[in-house]
Every structure is written in structure tokens, then in C-alpha cells.
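Shown below is the structure under consideration.
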Amino acid sequence: MFSVRMRASRGGKHISGAEKLIEDHGIPTAALSLIDRAMFHERGTPDFINISIEALEKPIKNTTSLPLTLTNIDNAAEGRAFAISLLLNLGIPLFCIETAIAFLEKGAAGGESMRGAMIMNMQGERLEPDKYRGIRASRMDITEEASGELACAIEGAGLTRYFTHISEALVLATKVASVEGTIAELCWSDDPSYTAGYVASKKLGYVRIPHLKLEEDCNGGRVFFVNGIDMNNYIHEMETVPILVNKFGGLKEMNFSRYTGGKI
Ligand code: WAQ
Ligand code: MG
């Protein structure tokens with residue numbers, strides 16, 4: 001198996017990134033489709049595209065995705081409030097959550113979106129060594145079969161047009177939650193037309209929130225809330241241990257009106 005990864009930028013600013021795990025005969029097709037994505041992205045046309053193709057050195061861990069919970073939240077204010085309540089429920093102090101949200105809102109790479117994620121401890125401190133690049137979860141993908149199960153489940157919920165975003169985010173969140181020391185992840189997209197995001201954790205699964213920012217907003221990102229990690233081990237596992245999602249963890253739907261008042 002090979003890891004094929006793409007990142008694209010313009011004037012040093014992050015535009016997009018994506019990756020696949022693939023057998024050697026699939027490399028040309030995978031690389032072409034990633035170049036295509038890099039060239040035609042709503043955040044802009046890149047002046048730099050990096051494609052890396054590497055044989056995997058370590059054995060691949062197979063895993064079931066986090067379960068996917070859909071919520072019917074219809075505006076960003078409620079989305080943020082709900083995300084905060086989920087994170088509080090997971091034991092993250094309010095101060096940390098608010099600090100993280102403020103960074104994501106204004107662009108955690110000095111006013112721009114980062115290429116990777118922030119790592120935040122329970123004191124609200126950012127631990128990632130490079131505050132512009134951040135930490136990238138890497139070397140992960142989903143099998144055709146699990147992808148089919150996910151496609152089927154979200155079709156029933158009318159979300160087929162968002163399949164690529166959902167599938168990639170679910171795979172990433174599954175990897176992040178699997179790394180020892182991760183308490184939770186908060187994410188929303190940096191694509192201006194894509195307002196959705198999620199809170200993910202081993203405990204509550206992937207909770208999709210359709211609105212975490214307003215449309216036209218180019219700032220987004222990810223934060224991994226951690227506790228008691230050894231930074232080198234954490235980064236090493238996040239970036240290099242390959243994970244393949246070979247089963248979809250199932251779909252739940254949550255009617256938001258039932259969950260106001262802090263109940264989860
Ligand atoms: N590792 C860590 N952080 C990353 C990675 C990665 N592999 N890829 C992206 N990021 C960070 C980076 O700061 C980006 O600016 C930010 O996340 C957003 O990336 O409908 O589209 O690819 O359920 O724009 C979530 C909702 C969509 C999906 C997330 O992220 C759904 C999304 P994007
Ligand atoms: Mg994006």
C-alpha cells in the first residue's frame with residue numbers, strides 16, 4: 001500500500017489538502033484526482049501543489065468509523081452553543097473551549113487558516129510546535145465497502161451532495177479519536193460555502209453540526225483537545241500510523257429541540 005497526499009497553497013497560504021491509501025496500480029488515478037481537486041478549489045487557484053507518494057512502512061490498522069450523529073441545527077449561533085455543550089459534557093473546561101473557538105474564528109495561523117490542527121491542553125494552551133502548519137492527521141482512508149455503507153446511510157438523510165466532505169471528515173475524526181490522549185476534536189470547514197463542522201470523540205462519536213459559521217467565512221480549522229500526552233508520541237502516531245476505515249459505525253439522528261437545556 002502507498003500513501004498519496006496532496007497539499008496546495010497560494011502565496012504560502014493554505015488552500016486545500018487531501019490524501020488516500022492505495023495499492024500501487026491505483027497511484028496514477030489517485031494522484032490525478034488529487035491534482036484536479038487542488039486546481040479547482042473554491043478557496044482559490046494554487047501557485048504551489050505538492051504531491052507525495054510513499055510506500056507505507058508500518059502495518060495498517062483496520063477500524064470501524066465513529067458513529068455519525070446528525071443534528072438538525074439551522075443556524076451558527078445554535079451550532080456554536082451546541083458544540084460548546086458537547087465539549088463541556090466531555091469534561092473540557094469552558095475557558096479552553098472559548099479560547100479554541102476564538103482562534104478558529106479569527107484564523108489560528110496568525111489570521112489565516114492553518115494547514116493542520118491546533119493541539120490544546122486542559123489549561124487552554126496551544127501545544128503544536130509550529131503554529132502555522134499545525135499537526136496533520138495523516139495516512140488514513142476508507143475502503144470501498146465502508147464508503148458504500150456511509151453513502152447509503154447519508155442518502156436516506158438527503159446529504160448525498162456532501163458525501164466527500166462528510167466521508168473525509170469522518171475518516172479523519174476516527175483517526176484523531178483513536179490516538180491515545182485525545183479527549184475531543186472540534187472542526188469547521190475553511191471552505192467559504194461550507195458551514196458545517198462537528199464535535200468528535202470516542203465517547204460521543206461524530207456529531208455533525210450543519211452550521212458552525214456563516215457562509216462566505218473563509219476561516220475554519222481544527223482543534224484536538226488533549227490531556228496527558230507525550231507530544232512526540234502523539235504527533236508520531238497522528239501523522240504516521242496508517243488507519244483504514246473498513247466499516248461504517250452507523251447513523252443516528254438527533255432532533256435538536258429535544259436537547260436544549262443542556263441535556264445530551
Ligand atoms: N489534519 C489536521 N488538520 C487538518 C487536516 C488534517 N489532515 N486537514 C485539514 N485540517 C484543518 C486545516 O486547518 C483546515 O484549514 C481545516 O482543518 C478545515 O479543513 O459535513 O471541510 O478540509 O460532516 O476545509 C467538516 C464537516 C468539514 C463535514 C471539514 O475541512 C460534514 C472540512 P477542511
Ligand atoms: Mg477546506
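The values are calculated or read from the model by the stated rules, or taken from the named source; none is laboratory data. Since this is a predicted model, take the numbers as computed values, not measurements. Glycine gets a Cβ as well: all are built from the backbone with ideal geometry, and neighbour counts include every protein chain shown. Keep in mind that these areas ignore ligands, DNA and RNA; they rest on the heavy atoms of the full protein, side chains included. Shrake-Rupley method; radii C 1.70, N 1.55, O 1.52, S 1.80 Å.
Under a GNM of the chain (C-alpha, springs under 10 Å), which listed residue has the highest mean-square fluctuation: SER178, SER113, SER193?
Between SER178, SER113, SER193, it is SER193 that shows the largest mean-square fluctuation.
Roughly how many Å² of GLU168 are accessible to a 1.4 Å probe, to the nearest 10?
About 80 Å², ignoring ligands and nucleic acids.
Same structure again: What spacing in nm lies between the two simple spin-label points modelled at THR160 and GLU180, each 7 Å away from Cα in the Cβ direction?
The answer from the label model is 4.4 nm.
Same structure again: Pop out the carbon and sulfur fraction of the accessible area of region 62-260 as a percent, whole number, probe 1.4 Å.
Within region 62-260, the accessible surface is 51 percent carbon and sulfur.
Still on this structure: Give me the distance in nm between label points sitting 7 Å out from Cα along the Cα-to-Cβ direction at LYS247 and ARG10, one decimal.
Distance between label points: 4.4 nm.
Ok, one more. Using 0.36 nm per residue of separation minus the Cα-Cα distance, give me the extension gain between LEU94 and ILE53 in nm, one decimal.
That pair, LEU94 and ILE53, stretches by 10.7 nm at full extension.
Now for a separate question. Can you tell me, using C-alpha contacts under 8 Å and at least 6 residues apart, the relative contact order of region 126-264 as a whole percent?
Reported as a whole number, the value is 31 percent.
Now a separate question. Taking only the Cα atoms of the chain, how large is their convex hull per residue, in Å³?
118 Å³
So, one more: In a GNM of the chain with a 10 Å cut-off on Cα contacts, which of THR45, THR240, THR64 has the highest mean-square fluctuation?
Highest fluctuation of the listed residues: THR45.
So, one more: Which value at 222 nm does the chain reach when only helices count, each DSSP H run of 4 or more adding -39,500 (n - 2.57), with the total divided by all residues and rounded to the nearest 500 deg cm²/dmol?
Calculated at 222 nm, the ellipticity per residue is -9500 deg cm²/dmol.
Next question, about the same structure. Would you look at the GNM of the chain, springs on alpha carbons closer than 10 Å, and say which of LYS13, LYS61, LYS175 moves the most?
LYS61
Please give the Cα centre distance for region 94-119 versus region 121-166, rounded to the nearest Å.
Region 94-119 and region 121-166 have Cα centres spaced 18 Å from each other.
Could I ask something else about it? Using a cut-off of 20 Å between alpha-carbon atoms, which aspartates and glutamates can reach LYS213, once sequence neighbours fewer than 8 places away in the same chain are excluded?
In chain and number order, the partners are GLU42, ASP74, GLU78, GLU98, GLU105, GLU112, GLU168, GLU185, ASP190, ASP191.
Counting only heavy atoms of protein chains, what accessible area per residue, in Å², does region 152-238 have with a probe of 1.4 Å?
Roughly 40 Å² per residue, with all protein chains present.
Right, something else. What list of ³J(HN,Hα) couplings, whole Hz, do you get for region 97-109 from phi and the Karplus terms 6.51, -1.76, 1.60, once you set θ to phi - 60° and write x for glycine and proline?
4, 5, 4, 4, 4, 4, 5, 4, 4, 9, x, 6, 9
Give the percent of DSSP beta bridges with both residues in the chain that are antiparallel, rounded to the nearest 5.
Bridges in the chain that DSSP calls antiparallel: roughly 70 percent.
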